[in-house]
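Below is one structure, written out as structure tokens; the observations come after it.
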Amino acid sequence: MTTAFETLSSGRTPSPVEPLPHQLLAVLGQHRMATTGQLHDLLRPDAARQTVSTPLNKLRRKGLVDYAVLPQSNRSRAWYLTGEGARLVRDFPALRGRPPYPITSATAASLKTPHTLTVVRTHLAFVTDARRRGDEHGHLDWTPEVSHPLSDGEKIITDAVMHYTLIGDDQRTKLRAFVEVDRTTMSSERLASKLIEYARLWSYEPQPASRSRARQPAVPGAVWLRWYPVFPRVLFALTGASRYVLDNRISDLQAMVAQHPLVGTLARQVPMGAAVLEDLEDKGPTRNVWVPLAGGKPRPWTEL
């Protein structure tokens with residue numbers, strides 16, 4: 001195992017840069033699954049494809065990763081951690097506390113492939129744009145499948161939480177966003193109702209436990225303050241249908257803002273927008289491709 005991670009500089013001091021096999025395992029632990037091309041674009045976009053495929057195959061021979069062949073893709077591979085690989089990465093500092101959710105077979109992988117790889121596509125659109133602009137947004141600044149509690153024992157699971165740092169001439173601005181990736185596999189009404197869940201999370205303040213049950217003082221305020229200094233933006237990336245259908249789904253999101261009192265209140269406090277995924281890939285997320293859900297002309301996600 002040590003040979004997979006050994007990396008020494010010209011002297012005796014270990015390099016502070018994580019070796020590529022370590023990064024590949026970390027990305028698969030974070031994202032659950034990614035194609036060879038996606039891993040290449042995330043980690044080594046300027047290198048040859050073999051730079052990534054060679055260590056992936058070595059990790060597979062060690063039993064740490066495996067792959068499923070994507071249908072109708074010229075035998076493209078979607079990589080994921082084995083049970084042994086998942087046990088290994090849970091001790092990585094960047095992944096501590098992240099549930100491993102190992103994928104147990106190529107059949108199980110195929111069931112997760114469409115949505116998981118589309119979420120990675122969305123992440124790559126932001127990574128590519130950040131590189132172009134000189135902003136900070138790397139392969140571990142995007143955490144899929146993040147759960148937050150709601151009242152009555154319910155919870156909301158967001159497709160991804162994004163951390164992004166804008167780099168200006170003399171300042172750094174940290175931004176966060178809840179990202180929902182819609183492949184048009186659910187009804188438009190169900191998609192729009194996701195906004196109600198975010199509004200509930202924004203307004204949810206847990207009731208203090210009784211003295212006999214409380215082991216420590218409750219922190220006052222909304223539950224989301226446990227994790228974020230400000231409530232993250234809410235972004236919807238849509239794909240999987242014609243432009244006409246996707247525009248209608250965005251209109252339904254706007255209608256929910258206009259009609260639901262709690263969602264409308266959230267929209268006055270928190271930036272929210274929707275965009276077509278292909279526009280994010282072709283033009284970039286910081287172009288005028290985001291429709292503000294509270295109304296207005298398309299704009300960059302940073303200006304919602």
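Each reported figure results from applying straightforward, stated rules to the coordinates on display, with no laboratory input. Predicted, not measured: the structure shown is a model, and the values here were computed from it. Here Cβ is always computed from backbone atoms with ideal geometry, including for glycine, and neighbour counts include all displayed protein chains.
Neighbour counts of other Cβ atoms within 10 Å put 152, 252, 170 in the fewest-to-most order 170, 152, 252.
Using the 10 angstrom Cβ neighbour count as an exposure proxy, how do 228, 80 rank, fewest first? Don't skip to the end; give the middle numbers.
Numbers: 228 13, 80 28.
Final ranking by Cβ density, sparse to dense: 228, 80.
Matching the structure-derived volume of the Cα convex hull per residue in Å³ against the labelled list (i) 160; (ii) 187; (iii) 141 gives the label (ii).
Distance distribution P(r), the stretch 171-304, all Cα-Cα pairs, bin width 5 angstrom from 0: 2, 10, 19, 20, 18, 12, 8, 5, 4, 2, 1, 0 percent.
Full extension of the chain between residue 94 and residue 75 gives 3.7 nm of extra length, using 0.36 nm per residue less the Cα-Cα distance.
Count Lys and Arg as plus one, Asp and Glu as minus one, and take only other residues whose Cβ is under 14 Å from that of residue 193; the net charge is then -2.
Gain in length, residue 259 to residue 48, computed as 0.36 nm per residue apart minus the alpha-carbon separation, to one decimal in nm?
Numbers: separation 211, 0.36 × 211 = 75.96 nm, distance 5.12 nm.
That works out to 70.8 nm of additional length.
Once both labels are positioned 7 Å from their Cα atoms along Cα-to-Cβ, the gap between residue 288 and residue 18 label points is 3.9 nm. Extending 7 Å from Cα along the Cβ direction at residue 58 and again at residue 247 yields two label points whose distance is 5.1 nm. As an exercise, use a Förster radius of 30 Å and the Cβ-Cβ distance of residue 193 and residue 132 to find the FRET efficiency, rounded to the nearest 0.05. Result of the calculation: an efficiency of 0.30. Given R0 = 25 Å, the distance between the Cβ atoms of residue 170 and residue 225 translates into a calculated FRET efficiency of 0.30. Cross-link pairs exceeding 30 Å in C-alpha to C-alpha distance, out of 174/194; 112/297; 58/283, comprise 112/297; 58/283. Note on residue 155 and residue 84: with the Förster distance fixed at 35 Å, the Cβ-Cβ geometry gives a FRET efficiency of about 0.75. Looking at the chain as a GNM with Cα springs under 10 Å, which of 88, 195, 277 has the largest mean-square fluctuation? Sorting by GNM fluctuation, first place goes to 88.
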